[in-house]
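The values are calculated or read from the model by the stated rules, or taken from the named source; none is laboratory data. If you're wondering where the values come from, they're calculated on a predicted model, not measured in any experiment. Neighbour counts are summed over all protein chains in view; Cβ atoms, including those assigned to glycine, are modelled from backbone coordinates with ideal geometry. Note: accessible area is taken over every heavy atom of the protein model, side chains too, but ligands, DNA and RNA are not part of it. Shrake-Rupley method; radii C 1.70, N 1.55, O 1.52, S 1.80 Å.
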Amino acid sequence: MSTVTQAGPAAQAGPAHPLAQRRPLGDRGFQILALASGLLVLVILVLIAVTTSQQAAPWFQAEGWKIFTNNWDPTNNHFGALALIYGTAVTAVIAVIMAVPVSVGIALLLTEVVPYRWSRPIVYVIDLLAVVPSVVWGLWGILVLVPWLNPIYAHIGSAVKGIWVLGPLFGPPTSGASFFTAGVILAFMITPIVTSLSREVIATVPVIDREGAYALGATRLEMIRGAVIPHSQGGIVGAVLLGLGRAMGETIAAALVIGSSAVITSHLFAPGYNMPAIIANQFGEASGVFRAALMGLGVLLFAFTIIVNIIARGIVERSARRKRGA
């Protein structure tokens, strides 16, 4: 009668060191390089904030909270920046209002309607628009767009003169170089960015969600409203906020078409000014507190764009957590 012997536990093969301690030298070097690159970005941002704040300190000390007043008058050493902050906000909001519907519409067209073989050339064109230099947009705006829009503004102004809401916004006197023209140029510039980011987000919608909507009898529009938009709304909002940050910080294009008038007015066809434009136009002739004021505008603009980008990242991450929870 044969006996069955039970084998003991198998001996552990190889060294007992964890995998992290046995990684090749190339992996450890890549980890160190990636960590150093990330820290370098943070160090550069901190250095930018510190150095610009130091150079802007005379303005903050001289004006205090008066920096948020509407009194930008370098000849009399008054540097209240409220009109410039207002101009930055107005032009950026105009750009977002005009660019977002077009951008999201193009992104939906490329991902949900147009076949792939036809959408690729359109994507290439959109990507090329994103790399056009801002000075080219500005020159096109001042040489082509402003003369073309000037009579249109005049006709609109005369048509809405005296109307309760439209009159203060678009009534006479009008100017081709104005808040609205700067907003149009900025809309052209941020449309490729918002379109590309929105298209990438919409493309991540699972195919099963689309097919499930169609299986329930939904039309294409109902499928987009019920399956595509809820899945990608966080990413689209993040793309919009990133475009807003780009519109707030754009310099040369806005400087050429905004009109160079530091005023607060509800009239969108009137000349105005914003923070990037005044820095570009007046930095070369500035000195003393005037130069510090322009550096301070850069600090404020830097802070505003960082806040917008942080909000965008928060919205995207919250949307991602919501999807994981679902």
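The table below gives the values:
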quantity	calculated
Mean shadow area of the range 140-209 over all directions, Cα convex hull, nm²	7.2
Ellipticity estimate at 222 nm from DSSP helix runs (n ≥ 4, -39,500 (n - 2.57)) divided over the chain, nearest 500	-22000 deg cm²/dmol
Mean accessible surface per residue for the range 170-238, computed with a 1.4 Å probe while every protein chain stays in place, in Å²	43
Size-normalised alpha-carbon gyration radius of the chain, reference 2.2 N^0.38 Å	1.37
Amide H contacts under 5 Å for residue 272, placed H, 5+ residues apart	179, 259, 260, 261
Reciprocal of mean inverse Cα separation for the range 250-326 (Kirkwood radius, Å)	14.9
Semi-axis lengths (Å, descending) of the ellipsoid that matches the C-alpha gyration tensor of the range 34-140	40, 23, 13
Amide H contacts of residue 78 (H built 1.01 Å from N, under 5 Å, at least 5 apart or other chain)	73
Taking the C-alpha atoms of the range 73-193, convex hull volume expressed per residue in Å³	160
Size of electric dipole in the chain: Cβ of Lys, Arg +1 and of Asp, Glu -1, about Cα centre, debye, nearest 20	780
On Cα atoms only, tilt of 146-160 relative to the major axis of the chain in degrees	70
Alpha-carbon radius of gyration plus Dmax, which is the widest Cα pair, for the range 80-149 in Å	16.3, 54
Taking N as its residue count, the alpha carbon Rg of the range 181-326 over 2.2 N^0.38 Å	1.40
